[in-house]
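Novice: Sending over a structure as structure tokens; questions will come in a sec.
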Amino acid sequence: MKVGVIGKTSRIVSIIQHINGVTDAQFSMDGKNVGICDVLLLDHVSAIELESYSNEYAKHNVAYIVDVRNGLRSDYEKIKELCTLKGIPFLVDRSDQGIQEEVEKFLFPQRYEGRLQPALSLIACHRKSGVCLISEALSERIAQRTSAHIGLVKLDPYNVTSHSQGLNQLYREFEAGGLSSGRIKELAEAKRDNLFYIAGNPKIDYARGFHPHKLEQIYGLIQAAFDLTIFIVYPYWDNSMTLVALKQIKRKYLVATSKREEMKEFYAFVPQIRYQFDLDLRHNSFIYNFDGFGNEAKLSVSDHLQAGCVLQLPYVPGPNPMDQKFTQAGIQRLAETIVNDYGLPVIPQPEKKTWLNRLTAGLQEKRLG
């Protein structure tokens, strides 16, 4: 594939020459002498130049590269909006390796099909639904069952007591251009060798000020850091931290309860979220966390959400809730399902010996004796 680059320096040319499949790369500072090319990369040009070159090379496959290695430029938002209007891919340059990967994805998207590491989200229908305890128990069971690295991201805009290396820290480092998947794993709190926590600890006012497109890229980097990422989404529907996760993570489990008044309030929000943000929370399987109300309440939840129940638990908040055998068994079943669905490498479990196994072993020892 022949690639043309228009920009102020030839740095991008030297980088993309290492991409398998790029047979030729030509550089031009002024748009002249680019030669015959299959793809044109506009490297950090101005908004006026972007408009001009995109019209001049309208028949070419064009992408725009924005350099954020030294922070965001003043016209970042304007350029991104212009690229969106023109349907031009917007590639972010944070490092040599990073931009090489971004350009390769643009040139040869088939190579990256299926490369995005899996993720799922547990969404609280209301506060004190038990979503955090359930998510922690689920991630722990998954981490015990597999050697894969598991990330648990708590997107709680009121969890201001958590350690500083949370989403606030990731957001600041992303804006500075230094965030990578490796750095994310360094900042995450290691609960065990293969289980890592990331706190979503900005105050709600900060969470409302986060830019959605930046969070999309941060969440993508988080997913790339782990073999499976679990996002805990809390019931605050007016901020980017929540909404981007709801849009970006396709596999969702709602955490519903038998608290009727709280669930009614959630049902009232569902159509508002659907119409205002184009997010339909219905048709997602739910975890039913009940307290004193049985099948009737669960059927009501199922009817409102138009979805089935994947896990039924006695109400989680309480003394040592995860020590209950019924809870442990249910969490274990869901963990096994997730491990199997994503094909995560399974740690062999020691074989459990039944009384019949022990009896047979004893008889064999007597015969040998």
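Novice: Looking only at the range 158-178, which residues are modelled with pLDDT of 75 or more and not in a helix (DSSP H, G or I)?
Specialist: Passing the criteria: Y158, G166, A176, G177, G178.
Novice: Given the structure, is A176 farther than 28 Å from D278 by Cβ, in contact (Cβ under 8 Å) with a residue 60 or more places away in the chain, aliphatic (A, V, I, L, M) and open to solvent by 30 Å² or more (accessible area, probe 1.4 Å)?
Specialist: It is true that A176 is farther than 28 Å from D278 by Cβ, in contact (Cβ under 8 Å) with a residue 60 or more places away in the chain, aliphatic (A, V, I, L, M) and open to solvent by 30 Å² or more (accessible area, probe 1.4 Å).
Novice: Here is a follow-up. Could you check the range 182-203 and list, in sequence order, the residues that are buried (at least 16 other Cβ atoms within 10 Å of the Cβ) and either of a type in the set (A, V, I, L, M, F, W, C) or within 15 Å of the chain's Cα centre (by Cα) (or both)?
Specialist: Matches in the range 182-203: I184, K185, L187, A188, L195, F196, Y197, I198, A199, G200.
Novice: A further question follows. Counting just the residues of the range 84-99 that are more than 22 Å from the chain's Cα centre (by Cα) and part of a helix (DSSP H, G or I), which one comes out modelled with the lowest pLDDT?
Specialist: D96
Novice: With E104, E81 as the choices, which residue is assigned to a helix (DSSP H, G or I) and touching a residue at least 60 places away in the same chain (Cβ under 8 Å)?
Specialist: E104
Novice: Still on this model: Return the only residue of S52, S14 being among the hydroxyl-bearing types (S, T, Y), free of Cβ contacts under 8 Å to residues at least 60 places away in the same chain and closer than 15 Å to K86 by Cα.
Specialist: Matching residue, one of S52, S14: S52.
Novice: Could you tell me which residue of the range 216-261 is farthest from L195 (Cα to Cα), considering only residues that are surrounded by 18 or more Cβ atoms within 10 Å (Cβ to Cβ) and basic (K, R)?
Specialist: K259
Novice: Of everything in the range 45-81, what is of a type in the set (A, V, I, L, M, F, W, C) and either surrounded by 13 or more Cβ atoms within 10 Å (Cβ to Cβ) or closer than 22 Å to A176 by Cα (or both)? Give them in sequence order.
Specialist: Scanning the range 45-81 gives V45, A47, L50, V62, A63, I65, V66, V68, L72, I79.
Novice: Being farther than 28 Å from S181 by Cβ, surrounded by fewer than 14 Cβ atoms within 10 Å (Cβ to Cβ) and among the hydroxyl-bearing types (S, T, Y) is the requirement here; does T84 meet it?
Specialist: no
Residue by residue, here is whether (1) among the charged types (D, E, K, R); (2) at pLDDT 85 or above holds:
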| site | (1), (2) |
| --- | --- |
| I16 | no, yes |
| K32 | yes, no |
| D38 | yes, yes |
| E51 | yes, yes |
| N55 | no, yes |
| N61 | no, yes |
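Novice: Could you tell me whether any residue of the range 26-43 is among the β-branched types (V, I, T) and touching a Cys at 6+ places or on another chain (Cβ under 7 Å)?
Specialist: no
Novice: Given R183, R127, R172, which one is basic (K, R) and more than 27 Å from Y76 (Cβ to Cβ)?
Specialist: After ruling out the rest, the residue left standing is R127.
Novice: Another question about this same structure. Give me a count of the residues in the range 196-229 that are among the aliphatic types (A, V, I, L, M) and touching a Gly at 6+ places or on another chain (Cβ under 7 Å).
Specialist: Of the residues in the range 196-229, 4 are among the aliphatic types (A, V, I, L, M) and touching a Gly at 6+ places or on another chain (Cβ under 7 Å).
The values are calculated or read from the model by the stated rules, or taken from the named source; none is laboratory data. Just so we're clear, the structure is a prediction, and the values are computed from it rather than from any experiment. Neighbour counts are summed over all protein chains in view; Cβ atoms, including those assigned to glycine, are modelled from backbone coordinates with ideal geometry. We work out accessible area using only protein heavy atoms, side chains counted, and drop any ligands, DNA or RNA first. Shrake-Rupley method; radii C 1.70, N 1.55, O 1.52, S 1.80 Å.
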